[in-house]
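Reviewing the structure listed below.
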Amino acid sequence: MKYKNSDDNRYRVQFMRSTEELMDQLTVKEFISYLEENAEFEDYTVEYIDKKCVKCRAYDLTEENSKLHKEFLVTEDGRVFYWRSLISRIELVDDEPIPKKPLKDRTNEDLVIEYQTTHNEDLFRALLEKNTGLLHIIVMDYRIPKYEIEDLLSESYIALIKAVDNFDPTRGVTFTTALKVFVRQHLNRLYNEVTCQKRYNGMDPASYEELVEIHKDDVRGLDCDRFSQIEVDEYLEGLEAKDRYMVTLLLMGYSLSDCAKAFHVANSSITWRIKRIRKSYTAYREAV
């Protein structure tokens, strides 16, 4: 709450700090409930307010950790007054809600923190738009065999998702700094995998089921933050054939670009398909 008239702020010094904090945190409706539960009801009274007689309830509030008493009036229509004296009533009203800035004007940190709570896709799109230029600058420093700039940019989106999910504002690091670390780690890992793993030869298997059948005896695992080499055969059984095929290719060491060639789609389609599977796998892991 706040004082209706800004000139009345001078009376704040008459309250204990705990009472000030309480009044700052509560709405008018909540403060009335607080008075009904914690203050002593004194009497019904009729006061002359705004040029008319108004029925009121008077409450005597003993301040926390103090012997001081403060009196408040609650009108029948739900208004609250600090009853300073018989001739001095100071009205308390709700704070006006602070309007949110447009998404484009908000900081990365604000967008990330709200997205972690709401998972609103508009917030993520705003983050992607704000940081696309930075992602371009980072990927331009990398030369990975058989990866075009567009491929590397798609890979950086995966790192962006991970940075958003893991960002902790209490650690004193800006989101931009964290994003750079996640993207470079991801691209460095990708470079190491590409330079030491076999590449996709452009030949499609006869069917998705055939590929899975060939490797059914393999021990397959997925790396994640908390676990490593988690057995995923049971999870793969529950996926659609296309998703199972794509996951199997990735587990064999093939790249996003390879998967895009096998599916005859753009790299971005594979990126978002992987995002959906990761969410599904996270839910599966928590259930297990």
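Below is a table of values for the structure above.
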| quantity | calculated |
| --- | --- |
| Rounded D (µm²/s) - the range 127-170, Kirkwood Rh over Cα pairs, Stokes-Einstein at 4 °C, 1.567 mPa s | 115 µm²/s |
| Computed E for ASP168/GLU40 - FRET, C-beta separation, R0 30 angstrom, nearest 0.05 | 0.05 |
| Rounded D (µm²/s) - the range 2-117, Kirkwood Rh over Cα pairs, Stokes-Einstein at 4 °C, 1.567 mPa s | 80 µm²/s |
| R0 of 51 Å, Cβ-Cβ distance ASP77-ARG189: FRET efficiency to nearest 0.05 | 0.20 |
| Lysines whose Cα lies under 30 Å from that of LYS180, excluding same-chain neighbours fewer than 8 positions away | LYS100, LYS101, LYS104, LYS130, LYS146, LYS162, LYS198, LYS261, LYS275, LYS279 |
| Label point distance in nm, ASP24-VAL54, each placed 7 Å from Cα along Cα→Cβ | 2.6 nm |
| Using a Förster distance of 30 Å, the FRET efficiency for MET16-GLU114 (Cβ separation, nearest 0.05) | 0.30 |
| 1.4 Å probe accessible area per residue over the range 242-288, in Å² | 48 Å² |
| Assigned charges on the beta-carbon of Lys, Arg, Asp, Glu; the range 6-158 dipole about Cα centre (debye) | 380 debye |
| Neighbourhood charge, 14 Å Cβ-Cβ cut-off, centred on LEU86 and excluding it, Lys, Arg +1 and Asp, Glu -1 | -2 |
| Rel. contact order, % - alpha carbon contacts under 8 angstrom, at least six apart, the range 1-147 | 18 percent |
| Whole-number Å³ per residue for the convex hull built on Cα positions in the range 42-107 | 149 Å³ |
| The range 1-63: relative contact order as a whole-number percent, Cα under 8 Å and 6+ apart | 28 percent |
| Carbon plus sulfur fraction of accessible area for the range 47-203, probe 1.4 Å, in percent | 52 percent |
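The values are calculated or read from the model by the stated rules, or taken from the named source; none is laboratory data. Everything numeric here is computed off the predicted structure, so don't read it as measured data. For neighbour counting, all protein chains shown are included, and Cβ atoms are generated from backbone atoms with ideal geometry for every residue, glycine included. SASA here: full protein model, heavy atoms, side chains in, ligands and nucleic acids out. Shrake-Rupley method; radii C 1.70, N 1.55, O 1.52, S 1.80 Å.
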